[in-house]
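The values are calculated or read from the model by the stated rules, or taken from the named source; none is laboratory data. The structure displayed is predicted, hence computed values, not measured ones. Reconstructed Cβ throughout: ideal geometry from the backbone, glycine too, with neighbour counts over all protein chains shown.
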Amino acid sequence: MSKHIDDSIELERYELFEHPQYLFNLEIERRDFFKLLGGGLVLVFALDVLAQESGGRQEGESGRRAQNNSTPKDIGGWLHIGEDGSINAYTGKVEFGQNIRTSLSQVVAEELRVPLASVHLTMGDTDLTPFDMGTFGSRTTPTMAPQLRKAAAATREALVDLAAEQWKVDRSTLAVKDGKVINERSKDSIDFGKLTKGQKLLKVISDSAPVTPADQWKITGKSVTKVNGRDLVTGKHRYTSDTKRTEMMFGKVVRPSAFNASLV
């Protein structure tokens, strides 16, 4: 074979002498690159904040959230304490393996002064959870964690108010611990469930809700056993692909084995 390149062979000539058109211009300045990148992050942040702060409401006794792309302002939209004392928190965010089921549960447990195991997190159930634009851009920790923290702190304060009213005492004498409100003077205590009687707490969540300072955290930010971890590794956890329904139909992407192929 000749050592000279045959210019009549277009493909070889292109591959050897032409620059692929899909390559980035590597001469872009570092400062300009980060300006472009920063603009994208600001856009993602702005869209998420608009969704979180657009106001909200609930409708109907079924507990279904109004489909108006809004964020509930009342405690009942984010947290519910059952008559048995069970604690359920709601978030439109979903677990993709980033362990937010654990970190968000820690936030709630911290503010309610309960063990981590006492908190159940309902995630991504559109019949129950507040509207959420989606789980993307690493927005869960900076947006959803503070929201649930404020909701849990507001719940704690509402429980103290209920106990103070029931006992006819100064609320400053009361403390919250292990799922109970305790009168530090008389040592009387009452379970969360007995205070709420399973009813929704409709108090508005204030931006000034007294959240726990970081230097006083006992659960948040600590290394804990992954919530639901055993179910994940033993196969008990049910993923979307494990779901089976009566007369359920399945779809499949069929790709051609060659160019210009057609379905038979």
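Residue-wise test of (1) under 30 Å from LYS187 (Cβ atoms); (2) more than 16 Å from the chain's Cα centre (by Cα); (3) surrounded by 18 or more Cβ atoms within 10 Å (Cβ to Cβ).
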| site | (1), (2), (3) |
| --- | --- |
| GLN98 | no, no, no |
| GLU111 | yes, yes, yes |
| ALA117 | yes, yes, no |
| GLY124 | no, no, no |
| PRO130 | no, no, yes |
| GLY134 | no, no, no |
| PRO146 | no, no, no |
| GLU165 | yes, yes, no |
| SER172 | yes, yes, no |
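Per this entry, GLY63 is counted among residues that are in a loop (DSSP other than H, G, I, E, B), at pLDDT below 90 and at positive phi. All conditions but one from (1) in contact with a Lys or Arg (Cβ under 7 Å, 6 or more places away or on another chain); (2) modelled with pLDDT of 95 or more apply to ASP132; the one that does not is (2). None of VAL181, VAL211 is surrounded by 12 or more Cβ atoms within 10 Å (Cβ to Cβ), in a strand (DSSP E or B), among the β-branched types (Val, Ile, Thr) and modelled with pLDDT of 95 or more except VAL181. Among the candidates SER262, SER241, the residue that is more than 24 Å from HIS120 (Cβ to Cβ) and either in contact with a Phe, Trp or Tyr (Cβ under 6 Å, 6 or more places away or on another chain) or surrounded by fewer than 10 Cβ atoms within 10 Å (Cβ to Cβ) (or both) is uniquely SER262.
With respect to the conditions (1) free of Cβ contacts under 8 Å to residues at least 24 places away in the same chain; (2) within 17 Å of THR102 (Cβ to Cβ); (3) among the polar types (S, T, N, Q); (4) touching a helix residue (DSSP H, G or I) at 6+ places or on another chain (Cβ under 9 Å), ASN183 lacks only one, and its number is (2).
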